[in-house]
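Everything below concerns the one structure shown next.
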Amino acid sequence: MDALPRERLPHTREGVTRKLCLAGHEAYATVNAYQDGRVGEMFLTLVGESGTQAQMYANAALQAASIALQYGAPLRSFVEHWRGTHADVCGFTGDTAMPSATGMLDLLAQWLQREWPEQASGASLPPPEREDE
């Protein structure tokens with residue numbers, strides 16, 4: 001059986017970093033894309049959690065997701081699985097577009113659904129209501 005080819009991102013890539021706040025905790029989500037706009041890798045940095053088990057799990061989850069995306073897994077599969085994921089940190093976000101989340105992965109999934117709806121379609125989240133920033 002032939003192995004699937006891995007499509008690595010180019011050395012120079014487009015990316016977006018967004019600050020996420022959940023119940024007083026902060027994180028920075030970074031998403032990098034291929035030249036055609038497909039999401040190719042994701043990172044989540046938990047502010048004040050460097051070296052902790054929480055950051056280790058976040059790194060492992062997003063590294064595995066990034067590799068899977070590069071092998072052709074659809075973004076929607078991660079959005080669907082991360083939506084509603086419960087964690088110790090849950091509550092309100094202060095963002096009217098995503099007012100609450102059950103955990104940081106849930107909040108990340110909501111943001112992915114809103115920013116890349118075509119790639120995350122089929123996820124159980126209502127269509128985005130965009131606000132002018």
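The values are calculated or read from the model by the stated rules, or taken from the named source; none is laboratory data. Just so it is clear, the structure is predicted and the values come from calculations on it, not from any experiment. Cβ: placed from backbone, ideal geometry, glycine included. Neighbour counts: every protein chain shown.
What to note about this one:
- Boolean, E129 is surrounded by fewer than 21 Cβ atoms within 10 Å (Cβ to Cβ), modelled with pLDDT under 95 and either of a type in the set (D, E, K, R) or over 28 Å from T12 (Cβ atoms) (or both): yes
- Taking region 6-23 as the range and being touching a residue at least 24 places away in the same chain (Cβ under 8 Å) and either more than 17 Å from A109 (Cα to Cα) or in a strand (DSSP E or B) (or both) as the test, the residues that pass are R6, E7, R8, L9, P10, R13, V16, R18, L20, C21, L22.
- Helices (runs of 4 or more DSSP H) lying entirely in region 41-117 (those with 1 or more residues that are free of Cβ contacts under 8 Å to residues at least 12 places away in the same chain and surrounded by fewer than 16 Cβ atoms within 10 Å (Cβ to Cβ)): 53-70, 75-82
- Out of G72, G122, G94, sole residue that is at pLDDT 90 or above and in contact with an Asp or Glu (Cβ under 9 Å, 6 or more places away or on another chain): G72
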